[in-house]
Amino acid sequence: MVAKKGLTAEEILKMSEDDYMNDQQLAFFRSRLKAMESELRANADQTTVNLRETTIVPDPADRATIEEEHALELRTRDRERKLLKKVQAAIKRIDDGEYGYCEETGDPIGVARLMARPTATLSLEAQQRRELKQKMYGD
């Protein structure tokens with residue numbers, strides 16, 4: 001069988017369960033995760049540039065607006081920093097042969113779930129159980 005390069009999401013979703021986390025699927029998710037990683041790094045670099053651009057604004061209202069925009073950008077980058085760590089962990093799981101399997105149960109997470117959330121570490125059922133526990137007992 002000749003390996004196809006660059007499968008689409010639709011082709012990945014149509015694959016049989018027997019093909020779960022085969023080389024083609026792993027290559028697809030690695031590519032998707034690497035693209036996410038590049039985008040997150042580019043956003044961080046752009047934030048650094050934006051924050052270094054200091055403009056002296058005499059009007060206190062304008063200055064407050066600029067400071068609020070900077071604070072919002074920093075909060076966004078903080079969330080992206082956390083996501084970057086998850087993306088890098090997912091790439092490591094691909095390298096380690098553990099990607100696509102629930103870290104609690106060992107069951108397949110599912111291609112559709114990984115399409116929606118490539119950094120998922122839990123199957124949908126395990127995630128729902130975890131969220132229910134958190135809701136009932138707090139962290």
Dipole check, the chain, charges on Cβ (K,R +1; D,E -1), about Cα centroid: among Leu124, Thr55, Ala9 the Cα furthest to the positive pole belongs to Leu124
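Once every DSSP H run of n ≥ 4 in the chain is given -39500 (n - 2.57) and the sum is divided by its residues, what mean residue ellipticity at 222 nm do you get, rounded to the nearest 500 deg cm²/dmol?
Calculated at 222 nm, the ellipticity per residue is -23000 deg cm²/dmol.
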Cα centroid distance between segment 23-62 and segment 80-139, in Å?
23 Å
Can you list the aspartates and glutamates whose alpha carbon is less than 20 Å from that of Lys135, not counting same-chain residues fewer than 8 positions off?
Glu104, Glu125
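Quote the convex hull volume per residue of segment 30-139, based on C-alpha atoms, as a whole number of Å³.
131 Å³
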Please calculate how many Å² of accessible area the chain carries per residue, with a 1.4 Å probe and no DNA, RNA or ligand atoms counted.
72 Å²
Out of residues 5 or more away from Tyr101 or on other chains, whose amide H comes under 5 Å of its own, with H placed 1.01 Å from N in the peptide plane?
Ile109
Hz values of 3J(HN,Hα) by residue in segment 67-83 - Karplus curve (6.51, -1.76, 1.60), Gly and Pro given as x:
5, 5, 4, 5, 5, 5, 4, 5, 5, 4, 5, 5, 4, 5, 4, 5, 5
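The values are calculated or read from the model by the stated rules, or taken from the named source; none is laboratory data. Owing to the predicted nature of the structure, the values given are computational and were not obtained by experimental measurement. Positions of Cβ are generated from backbone atoms using ideal geometry, with glycine treated the same way; all protein chains shown enter the neighbour counts. Accessible surface areas use protein heavy atoms only, side chains included; no ligands, DNA or RNA. Shrake-Rupley method; radii C 1.70, N 1.55, O 1.52, S 1.80 Å.
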